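Visitor: Would you mind keeping the following structure in view while I ask a few things?
What follows draws every value from the coordinates through simple rules; no lab data is involved. Treat the numbers as computed from the prediction; the structure is a model and nothing was measured. Reconstructed Cβ throughout: ideal geometry from the backbone, glycine too, with neighbour counts over all protein chains shown.
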2 protein chains.
Amino acid sequence: MAGKTTIKDIAKSLGISPSTVSRALSNGPGVGGDLRERIRKVASQLNYVPNSSAKSLRTRKTKTIGLIVSDIRNPFFLEFMGGVETVLFPREFKFIVCNTGEDSKKEEIYIRWLMEHGVEGIISSPYQDREGNNNGTFYKKAMNSGIHVVFYDRLIEGISNIDSVTLDNEQAIMNGVFYLKDRGHERIALCLHKRGIYTIEERYSGFKKACAILGIHPDDRWVLEDMVNYSVSLDKLRSILTLADRPTAVISTNQYLNETVVRAARELGLDIPADLSLMGFDDSSLNELIDPPVTTIRQPVVDMGKIAATLLLGRIDGDRGEQTRVVLKAELLERCSVASPAGK
Amino acid sequence: MAGKTTIKDIAKSLGISPSTVSRALSNGPGVGGDLRERIRKVASQLNYVPNSSAKSLRTRKTKTIGLIVSDIRNPFFLEFMGGVETVLFPREFKFIVCNTGEDSKKEEIYIRWLMEHGVEGIISSPYQDREGNNNGTFYKKAMNSGIHVVFYDRLIEGISNIDSVTLDNEQAIMNGVFYLKDRGHERIALCLHKRGIYTIEERYSGFKKACAILGIHPDDRWVLEDMVNYSVSLDKLRSILTLADRPTAVISTNQYLNETVVRAARELGLDIPADLSLMGFDDSSLNELIDPPVTTIRQPVVDMGKIAATLLLGRIDGDRGEQTRVVLKAELLERCSVASPAGK
């Protein structure tokens with residue numbers, strides 16, 4: 001990763017003195033219009049950050065990083081932040097929390113604020129929509145100005161040279177499908193958050209792969225997408241769980257959906273697991289106390305936070321080695337929400 | 001609240017030129033040893049922050065505040081942060097999360113870091129031990145250097161002139177006791193986190209007040225303190241729930257303790273609510289799905305976050321009016337974990 005551009009770099013590339021560059025960029029006297037324009041152009045090409053306060057901040061090591069989260073209400077991030085903090089605190093680093101709420105524009109704004117603020121690095125779970133649109137350009141801009149970036153949980157298209165820590169999402173869901181098939185389920189539904197997001201695409205892909213391997217063909221209508229808002233999610237679940245040929249098992253893909261499935265089943269008078277099996281995802285401490293205790297795919301979230309922070313501090317400390325891509329394994333916690341379907 | 005001290009203030013109070021002060025404080029040439037010492041002394045008396053970068057940061061409005069939380073793993077803070085963020089983002093403010101883990105030293109370190117970093121304000125849930133020791137001195141130091149402070153959830157002794165938003169903890173627990181007494185309970189246990197902390201003392205006080213009003217006298221041994229670590233908490237609960245004359249109801253004082261009581265009861269084969277009633281505190285979305293759904297005292301946590309952020313921004317915007325102390329009312333959510341004790 002290139003270091004940040006200084007006034008000296010600009011001066012050197014133009015063969016002029018640093019003080020002339022400085023005067024030109026600060027609108028000082030004694031620099032002609034043409035030269036001023038040329039200096040500005042080179043400064044822009046070299047990603048020079050003209051805000052002198054931001055620059056002084058950057059130079060003096062703010063010992064601060066930005067932590068971009070996609071939804072601050074998700075308990076996933078509470079655990080993740082806990083992991084990040086245990087690594088940062090002993091190194092005297094602080095973090096600014098930026099909640100994007102899956103809003104690409106908000107993510108862009110936060111990246112800009114973090115750059116202006118002079119953070120030394122960014123740990124982010126980036127958003128990407130169904131068409132592949134993402135804020136890659138802005139992450140690259142940050143990196144070009146000397147801010148180290150580590151992705152966690154999610155990756156985005158168009159950026160490959162970046163350290164990351166993610167889950168083996170595909171394998172996690174495949175194991176969930178295998179587990180259900182083992183108990184006799186072939187009529188399996190899948191609940192998904194927004195399509196386009198890395199983790200969602202990987203989990204969907206794992207679902208399709210496992211079904212292909214097993215030679216089972218769940219109804220396409222049973223793949224529920226955009227399960228974000230509670231009442232909409234409930235409607236979607238209701239529409240498939242009231243079908244005569246309804247699925248016998250549902251795979252959830254986050255903690256919020258675990259709860260939504262349990263609520264939907266209760267509302268429809270379906271007993272879990274006698275009438276409907278649930279393979280959950282993520283693990284709130286309360287999953288064990290729910291009626292019934294939820295069988296779920298657990299991510300090592302605290303470890304993910306620790307690794308993300310460790311990778312970032314390594315870069316801040318000067319590690320210029322090849323990119324690191326850590327992929328963690330999920331764990332299937334057997335509890336009581338999966339049984340064999342009636343007649344099996 | 002006094003504005004931050006500038007080099008001009010120091011120069012004025014000594015009747016010398018600002019440039020002399022500046023040179024003295026930056027170890028520049030041309031200032032004699034005696035004068036240098038006098039300048040340093042005055043700078044210290046006026047709470048001048050000598051780090052020029054930090055100072056430039058403060059001056060240029062970092063649009064950043066510090067958010068001090070006592071335990072980052074508690075879902076309370078997830079909700080609180082969500083509330084804070086919805087108010088800060090539209091105003092282009094960011095926040096640095098500082099997790100103290102109920103460690104007074106860590107809290108002090110974070111206050112210092114926030115001052116050095118140049119935050120414009122601090123929202124904090126301060127720690128206080130049983131002897132009344134707290135970091136009041138450091139909060140005052142921050143305030144004297146021009147950083148606005150708002151307390152939420154907790155107050156500390158020795159600081160009165162500070163905006164705050166808290167719960168009416170005493171009334172909340174009193175209503176819990178009244179509710180239990182209404183259903184025939186007089187043998188009531190109380191689970192408490194660390195004594196000394198504001199909320200804990202208030203809740204304990206509410207418990208004693210309600211019992212006095214009702215003329216009931218729960219066994220002193222049933223007030224369990226220091227319920228922090230899971231296995232220790234479980235042991236303490238076990239010790240009273242296996243007594244021949246055990247309590248018929250337990251009042252919890254946070255979400256974590258709700259779960260601990262449910263787990264302890266299950267382990268001991270006690271049915272909730274047939275054998276033991278539980279009055280919970282705080283409300284995870286999962287409380288409704290637990291077996292049995294937990295009757296609980298809900299705090300308006302998101303509102304608390306919004307109010308804390310609003311109070312702080314008001315001060316940053318220049319509000320120099322009298323202190324605001326917002327006290328919020330809790331809500332008792334009736335579910336299924338309380339029944340009348342056997343024989344009533």
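Visitor: What does the convex hull of the Cα atoms of segment B:246-332 come to per residue, in Å³, rounded to a whole number?
Guide: Working: hull volume 8.7 nm³, N = 87.
Here the figure is 101 Å³ per residue.
Visitor: Moving on to the next point. Starting at 0 and stepping by 5 Å, how many percent of the alpha carbon pairs of segment B:281-328 end up in each bin?
Guide: 5, 17, 20, 14, 12, 10, 9, 7, 5, 2, 0
Visitor: Here is a follow-up. Run through all the Cα pairs of chain B and give the fraction in each 20 Å bin from 0, expressed as whole percent.
Guide: Final binned percentages: 28, 46, 20, 6, 0.
Visitor: For B:VAL294, B:VAL97, what's the fewest-to-most ordering of other Cβ within 10 Å of each Cβ? Write out the running numbers ahead of the final one.
Guide: Values: B:VAL294 31, B:VAL97 21.
Final ranking by Cβ density, sparse to dense: B:VAL97, B:VAL294.
Visitor: Go through segment B:109-166 and name the GluC sites (Glu not before Pro) that are in a DSSP coil and have 14 or fewer other Cβ atoms within 10 Å of their Cβ. Display every interim value, and only then the final one.
Guide: On the way: sites: B:GLU116, B:GLU120, B:GLU131, B:GLU157; in loops: B:GLU120, B:GLU131, B:GLU157.
Within segment B:109-166, the qualifying GluC sites (Glu not before Pro) (loop, at most 14 other Cβ atoms within 10 Å) are B:GLU131, B:GLU157.
Visitor: According to a simple spin-label model (label point 7 Å from Cα along Cα-to-Cβ), what is the distance in nm between A:LYS63 and A:ASP220?
Guide: 5.7
Visitor: Which angle between 0 and 90 degrees, to the nearest 10, do you get for helix B:301-316 versus the longest principal axis of chain B when only C-alpha atoms count?
Guide: Once rounded, the angle reads 20 degrees.
Visitor: Rg (Å, one decimal) plus Dmax (Å, integer) for the alpha carbons of segment B:7-50?
Guide: 9.0, 24
Visitor: Here is a further query. What average count of beta carbons from other chains do you get within 10 Å of the Cβ of residues in B:82-88? Before the final figure, lay out the partial values.
Guide: On the way: counts 5, 1, 3, 7, 3, 0, 1.
Shielding by partners across B:82-88 averages 3.
Visitor: If I take every Cα pair under 8 Å that is 6 or more residues apart in segment B:179-237, average their sequence separation and divide by the length, what percent do I get for the relative contact order? Write down the numbers at each step before the final one.
Guide: On the way: 48 pairs, mean separation 26.0, N = 59.
Across segment B:179-237, relative contact order equals 44 percent.
Visitor: What are the radius of gyration and Dmax of segment B:144-251, computed over its Cα atoms and given in Å?
Guide: According to the Cα coordinates of segment B:144-251, Rg and Dmax are 16.5, 59 Å.
Visitor: Further question on the same structure: How far, in nm to one decimal, is B:LYS41 from itself in the other copies if the label point is set 7 angstrom along Cα toward Cβ? Shortest first, please.
Guide: Values, ascending and in nm: 6.1.
Visitor: When only Cα pairs under 8 Å and 6 or more residues apart are kept, what is the percent relative contact order across chain B? Let's see the in-between values first.
Guide: Values: 622 pairs, mean separation 61.7, N = 344.
Computed value for chain B: 18 percent relative contact order.
Visitor: Under a 5 Å amide H to amide H cut-off, with H placed in plane at 1.01 Å, what residues pair with B:SER124 once short-range neighbours are removed?
Guide: Residues meeting the criterion, in which the H sits 1.01 Å from N, are B:ILE68, B:VAL150, B:PHE151, B:TYR152.
Visitor: If each label sits 7 angstrom from Cα along the C-beta direction, how far apart, in nm, is A:LEU268 from its counterparts in the other copies?
Guide: 4.0
Visitor: For segment B:70-75, what does the Karplus curve 6.51 cos²θ - 1.76 cosθ + 1.60, with θ = phi - 60°, yield as ³J(HN,Hα) per residue in whole Hz, taken in order and with x for Gly and Pro?
Guide: Listing the rounded values in order: 8, 7, 5, 7, 7, x Hz.
Visitor: What distance in nm separates the simple spin-label points at A:CYS336 and A:ASN133, each placed 7 Å from Cα in the Cβ direction?
Guide: 4.8
Visitor: How much of the DSSP beta bridge set in the protein assembly as shown is antiparallel, as a percent to the nearest 5? Numbers along the way, then the final one.
Guide: On the way: 12 of 74 bridges.
The answer is about 15 percent antiparallel.
Visitor: Tally Lys/Arg at +1 and Asp/Glu at -1 over every other residue whose Cβ is under 13 Å from the Cβ of A:ASP226; what's the total? Before the final figure, lay out each step's value.
Guide: Values: positive: A:ARG130, A:LYS194, A:ARG195, A:LYS236; negative: A:GLU102, A:ASP129, A:GLU225, A:ASP235.
Taking every other residue near A:ASP226 into account, the sum is 0.
Visitor: Please list the radius of gyration and Dmax for segment B:56-106, considering alpha-carbon atoms only, with Å as the unit.
Guide: 12.7, 36
Visitor: Percent of Cα-Cα pairs more than 15 Å apart in segment A:100-167, please.
Guide: On the way: 1078 of 2278 pairs.
Pairs farther apart than 15 Å: 47 percent.
Visitor: For segment A:115-187 and segment B:227-248, what is the separation of their C-alpha centers, rounded to whole Å?
Guide: Using only Cα atoms, the two centres lie 44 Å from each other.
Visitor: Could you check the spin-label model distance between B:SER26 and B:ASP275? Points 7 Å from the Cα along Cα→Cβ, value in nm.
Guide: Between B:SER26 and B:ASP275, the label points sit 7.4 nm apart.
Visitor: Over the whole of B:254-265, what's the average partner chain Cβ count within 10 Å per residue? Rounded to a whole number, please. Before the final figure, lay out each step's value.
Guide: Working: counts 0, 2, 1, 0, 2, 5, 0, 0, 3, 3, 0, 0.
Whole-number average of other-chain Cβ neighbours for B:254-265 is 1.
Visitor: Between B:ASP291 and B:GLN45, what FRET efficiency comes out of the Förster formula 1/(1 + (r/R0)^6) with R0 = 51 Å and r the beta carbon distance, rounded to 0.05? Don't jump to the answer; show the numbers that get you there.
Guide: Values: r = 63 Å, r/R0 = 1.23.
E(calc), rounded to 0.05, equals 0.25.
Visitor: Local charge sum around B:SER19 (other residues, Cβ-Cβ under 15 Å, Lys/Arg +1, Asp/Glu -1)? Don't skip to the end; give the middle numbers.
Guide: Working: positive: B:LYS8, B:LYS12, B:ARG23, B:ARG36; negative: B:ASP9.
Once all neighbours under 15 Å are counted, the net charge is +3.
Visitor: Over the whole of A:63-75, what's the average partner chain Cβ count within 10 Å per residue? Rounded to a whole number, please. Please report the intermediate quantities before stating the final value.
Guide: Numbers: counts 3, 5, 1, 2, 2, 0, 2, 0, 1, 8, 8, 1, 6.
Average per residue, whole number: 3.
Visitor: Going Cα to Cα from B:LYS208, which aspartates and glutamates come in below 17 Å? Please leave out same-chain ones fewer than 8 positions away.
Guide: Straight-distance partners of B:LYS208: B:ASP168, B:GLU170, B:ASP182, B:GLU186, B:ASP219, B:ASP220, B:GLU225.
Visitor: Still on this structure: Here is the link list: A:LYS306/B:LYS141; B:LYS141/B:LYS306; A:LYS329/B:LYS236; A:LYS61/B:LYS306; A:LYS63/B:LYS105; A:LYS12/A:LYS141. Which ones come out longer than 27 Å on Cα distance? It would help to have the intermediate numbers written out before the result.
Guide: Values: A:LYS306/B:LYS141 33 Å; B:LYS141/B:LYS306 25 Å; A:LYS329/B:LYS236 36 Å; A:LYS61/B:LYS306 31 Å; A:LYS63/B:LYS105 19 Å; A:LYS12/A:LYS141 22 Å.
The answer is A:LYS306/B:LYS141; A:LYS329/B:LYS236; A:LYS61/B:LYS306.
Visitor: Report the local net charge at A:GLY136: Lys and Arg +1, Asp and Glu -1, summed over other residues whose C-beta lies under 14 Å from its C-beta.
Guide: Numbers: positive: A:LYS140, A:LYS141, A:ARG154; negative: A:GLU107, A:GLU108, A:ASP129, A:GLU131, A:GLU157.
After counting each charged neighbour, the total is -2.
Visitor: A further question follows. Across 20 Å bins from the origin, how do the percents of Cα pairs in the protein assembly as shown run, short distances first?
Guide: In whole percents, the pair-distance histogram is 16, 43, 31, 9, 1.
Visitor: Give the Kirkwood hydrodynamic radius (Å, one decimal) of segment B:191-344, defined as one over the mean of 1/r across all pairs of different Cα atoms. Mind showing how you got there, number by number?
Guide: On the way: mean 1/r = 0.0582 Å⁻¹.
Kirkwood hydrodynamic radius for segment B:191-344: 17.2 Å.
Visitor: Same structure again: Taking 0.36 nm per residue of sequence separation and subtracting the Cα-Cα distance, how much length would be gained by fully extending the chain between A:ARG325 and A:ARG112, in nm to one decimal? Walk me through the numbers before you get to the answer.
Guide: Values: separation 213, 0.36 × 213 = 76.68 nm, distance 2.53 nm.
74.2 nm is the gain from fully extending A:ARG325 to A:ARG112.
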